[in-house]
Amino acid sequence: MKITADTNVFVRAVTEDHEHQSRAAQAALKKAELVAIPISALCELVWVLSQGYKVPLSEIAEAIRRFINGANAVVNRPAAEAGLAMLDAGGDFADGVIAYEGNWLGADIFVSFDKKAVKLMEAQGESARLLS
């Protein structure tokens with residue numbers, strides 16, 4: 001079976017906070033012929049784990065890497081890697097994804113009111129500007 005996994009499947013697989021659902025999530029991800037991992041699901045996963053479950057960012061990054069490196073995983077790898085680069089730098093996964101997708105769509109520069117995001121983008125060699 002080829003599946004698209006919803007965010008809650010990834011959450012259960014990581015947190016193991018609901019015995020039956022966690023086992024079902026892990027089995028579905030392992031047994032599927034193909035696991036389509038939408039970038040939006042990864043963005044939501046980071047938010048749920050960091051805000052709701054208070055999981056450290058390093059552990060979230062590790063979990064995402066396990067998911068996207070699965071033999072049956074299909075993901076927009078460059079977008080996921082851009083998100084992980086921001087997460088590893090202490091920033092928001094979604095900001096990295098947004099900047100990557102914007103660039104892919106033809107944008108020249110990432111603009112934001114978020115000082116930290118702009119600083120981290122610039123530190124990674126990306127064009128970024130703080131709006132005021």
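Modelled this way, with points 7 Å down the Cα-to-C-beta line, the labels at LYS119 and ALA27 are 4.8 nm from one another.
Mean sequence separation of contacting Cα pairs (under 8 Å, at least six apart), scaled by the length of the chain, corresponds to a relative contact order of 17 percent. Dipole magnitude for the chain: about 240 debye, using +1 per Lys or Arg Cβ and -1 per Asp or Glu Cβ, origin at the Cα centre. All other residues whose Cβ lies under 14 angstrom from that of LEU57 are scored, Lys and Arg at +1 and Asp and Glu at -1, for a net of -2. Share of pairwise Cα-Cα distances greater than 15 Å in segment 76-131 is 37 percent (whole percent).
In the set (i) 7.6; (ii) 9.3; (iii) 8.2, the label that goes with mean projected area of the Cα convex hull in nm² computed for this structure is (iii). Name the residue farthest towards the positive end of the dipole of the chain from the options MET1, GLY91, VAL46, assuming +1 on Cβ of Lys and Arg, -1 on Cβ of Asp and Glu, about the Cα centre. Of MET1, GLY91, VAL46, it is MET1.
Stretching THR4 away from ASP17 to a fully extended chain increases their span by 2.5 nm, per 0.36 nm per residue minus the current alpha-carbon distance. How tilted is helix 57-68 with respect to the longest principal axis of the chain? Cα atoms for both, answer in degrees (0 to 90, nearest 10). Taking the Cα atoms of the chain, the angle to 57-68 is about 60 degrees.
Computed on segment 76-131, with alpha-carbon pairs under 8 angstrom and 6+ residues apart, the relative contact order is 28 percent.
Sum up the charges of everything whose Cβ sits under 13 Å from the Cβ of SER112, counting Lys and Arg as +1 and Asp and Glu as -1, but leave SER112 out.
Values: positive: LYS115, LYS116, LYS119, ARG129; negative: ASP92, ASP95, ASP114, GLU122, GLU126.
Every neighbour counted, the sum reads -1.
Taking the 0 to 90 degree range and rounding to the nearest ten, how far is the long axis of helix 77-88 tilted relative to the main principal axis of the chain, both from C-alpha atoms? Approximately 70 degrees, to the nearest ten.
Each reported figure results from applying straightforward, stated rules to the coordinates on display, with no laboratory input. Note that this is a predicted model, so its numbers are computed, not measured. Neighbour counts run over all protein chains shown; Cβ positions are idealised from the backbone, glycine included.
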